[in-house]
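Beneath this line is the structure, given in structure tokens, with notes to follow.
Laboratory data are not the source of any read-out in this text; all were calculated from the coordinates shown. Everything numeric in this text was worked out from a predicted model, so none of it was measured. Using ideal geometry, Cβ is built from the backbone for each residue, glycine included, and neighbour counts are taken over all protein chains shown.
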Amino acid sequence: MIVFSPLSPLEDLLRNVLEWFHGSIGLPWAWAIVAVTICVRLLMVPLAVKQIHSMQAMQAHMPEMKAIQQRFKHDKQKRNEELMKFYRDNNVNPAAPCLPLLVQFPVFIALYLVLRQFSKHPPGGDLSWFGSLVPDITAHANAHWSGYLLLAIYVGSQLASTYFMSTTMDKTQRTMMMVLPIAFVPVLVNFPVGLVIYWVTTNLWTVGQGLVTRQLVPKKPPPAPKRSSRTPPKEAAAESKDGAEPKLTDEKPAAPAQPRRVKRKKKARR
Amino acid sequence: MSTVLRLPAYLGVGLVYVYRYTLGVLFPGGCKYHPSCSQYAIDALREYGLVRGVILAGWRLLRCNPWSLGGVDYPHQQRLFK
């Protein structure tokens, strides 16, 4: 039965890429999958670089962010809103955007379809990985003990990559993200081993990228000029020197949690 | 809107939840906006129905790119459908 699937062009494309890695470069199928995964992640590196820059820029604003988090400790929604407004006003945003994430889904689904096709009509060539360790990457993960080993590695890598990705998530959500991969294992045993290879590779990439990011972004913000409780704040000191009433100057730093831009936007609404 | 007319939107909301507990878990990530894109999709579907909700959610996803600033953005703030 031939059913036209909207995903079949995608499947064909991925199949061609895999065949190119297998035929022209001479990689075994399993390593061709790893190569495709690395290509996808390499394409996404510029986005990661942008995020790293944003995180570096954010370090300077750490104290203000901490203050916002402290102020809205018990109101999650308000806290998120204020943080987002703060990011926007300061032109930084440490969170990863959603769109690049979606780029991975079609590749993933196409890989699933290709592997399913492979298990029905095996292509020529070596379908094993690491010799006899993983005998057939198109078989289900529960077909051989190595599948369970790979799943264990997958869970580990998934937890590690969640750890690196979840910079802004709150605690309950984070716990859920940590538990779900384990809860998924019974479902994943029915997936082809090749897909698990894809997951493990992409997760390990995320972890590596996270480690590099941590190296590039200093954990502690640059030391702020020390201010003892006895030293009056700058503006107050200036005013007291003048001896007159406080003047409104243009240089006056805006209160961090009061974004004017948002107000203006509301007015502009039709 | 009657419950029957709302059914397609609920179907969409269900799909978003399916995404959240499957692919969303397998590919962890954040969102530059508040509420997150998936929450925005759920709210938009509830408020505007399937067709307009999907369009709004799609437009939001396109805006959630590395070149945007992010920020606070609720479905009721949209200006596409009035």
Chain B: most fluctuating residue of B:Tyr21, B:Tyr40, B:Tyr48 per GNM, C-alpha cutoff 10 Å: B:Tyr21
Exposure proxy order (Cβ contacts within 10 Å, fewest to most) of B:Val51, A:Val107: B:Val51, A:Val107
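Helix-derived [θ] at 222 nm for chain B: sum -39500 (n - 2.57) over DSSP H runs of at least 4, divide by residue count, nearest 500?
Details: 3 runs with 50 residues, N = 82.
Calculated mean residue ellipticity at 222 nm is -20500 deg cm²/dmol.
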Between 0 and 90°, nearest 10: helix B:3-21 axis offset from chain B longest Cα axis: 30
Chain B: angle of helix B:37-63 to the longest principal axis, Cα-based, in degrees nearest 10: 20
Under 5 Å, built H, 5+ apart or other chain: amide partners of B:Gly71: B:Tyr33, B:His34
Net charge dipole size for region B:3-77 [Lys, Arg +1 and Asp, Glu -1 on Cβ; Debye, nearest 20]: 60
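Within 10 Å of each residue's Cβ, count the other Cβ atoms and sort A:Cys39, A:Cys98 from fewest upward.
Details: A:Cys39 13, A:Cys98 22.
Listing A:Cys39, A:Cys98 from fewest to most nearby Cβ atoms yields A:Cys39, A:Cys98.
Per residue, how much space in cubic angstrom lies within the convex hull of the C-alpha atoms of region B:3-77? Before the final figure, lay out the partial values.
Numbers: hull volume 5.8 nm³, N = 75.
Convex hull volume per residue, Cα atoms: 77 Å³.
Give me A:Thr201, A:Thr175 sorted ascending by neighbouring Cβ count inside 10 Å, so fewest comes first. Can you show the working numbers first?
Numbers: A:Thr201 19, A:Thr175 11.
Exposure proxy ranking, most exposed first: A:Thr175, A:Thr201.
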Computed label-point distance, nm, for sites B:Arg79 and B:Tyr10 using a 7 Å Cα→Cβ extension: 3.5
